[in-house]
1. Working only within region 142-163, note down all residues that are at pLDDT below 90 and either crowded, with 16+ Cβ neighbours inside 10 Å or out of contact with any strand residue (DSSP E or B) (no Cβ under 9 Å at 6 or more places or on another chain) (or both).
2. Only residues in region 52-63 that are under 17 Å from residue 41 (Cα atoms) count as the first member; pair them with residues that are exposed (fewer than 10 other Cβ atoms within 10 Å of the Cβ), Cβ under 9 angstrom, at least 6 apart or cross-chain, and list the lot.
3. Can you pull out the residues in region 66-122 that are over 18 Å from residue 150 (Cα atoms) and in a strand (DSSP E or B)?
Amino acid sequence: METILLNSGALLVALIAANVILAGLLLYGLAGVGRARRELSALLGGGRGRSDMYELLIGYRDEVRGIRADLGALQRWREELTRDLSGYVQKVGVVRFNAFEDTGSDLSFAVAILDAQLNGVVISSLYGREESRVYAKPVEAGGSRYLLTDEERRAIEEARRKMKQNPLEEK
């Protein structure tokens, strides 16, 4: 007891220092709580309390449900468009050639116009000095029931090479 009384001044200074340190830590902690409250308030859109957080989460849940419904509708629409577009002209192949030796340049041509199933038409134009002729042949699945010239087959093959798969179907 005597030691305590002799060192009471030092003990008092130590206690005061400990109180100052604790007060500093308390202020630092309160500042952190204030920051957390401001961040929570910003997250909640200015509201406070548990009910606002619950309402916010319910709102986000409903928003996600709406987005999922919209995404489903967009996917169905994309599938419908993909089906519809498969019947339209997808690719064209063009081959120019010199049909007759007495003409000067590649003025004749064969054009293949195809859809996604390789159906369409191949049109050939043969240019000559005296006359020009144009032929059209139906194309089904990349071939024709009519005899195709080498140039017409090359035009169909060129169009076929240009066809690409739907990148969304690869996933």
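The values are calculated or read from the model by the stated rules, or taken from the named source; none is laboratory data. In this text the structure is predicted, and so the values were computed from the model without any measurement. Cβ atoms come from the backbone with ideal geometry, glycine included; neighbour counts cover every protein chain shown.
1. The answer is 142, 143.
2. Final answer for the pair search is 52/46.
3. Matches in region 66-122: 91 only.
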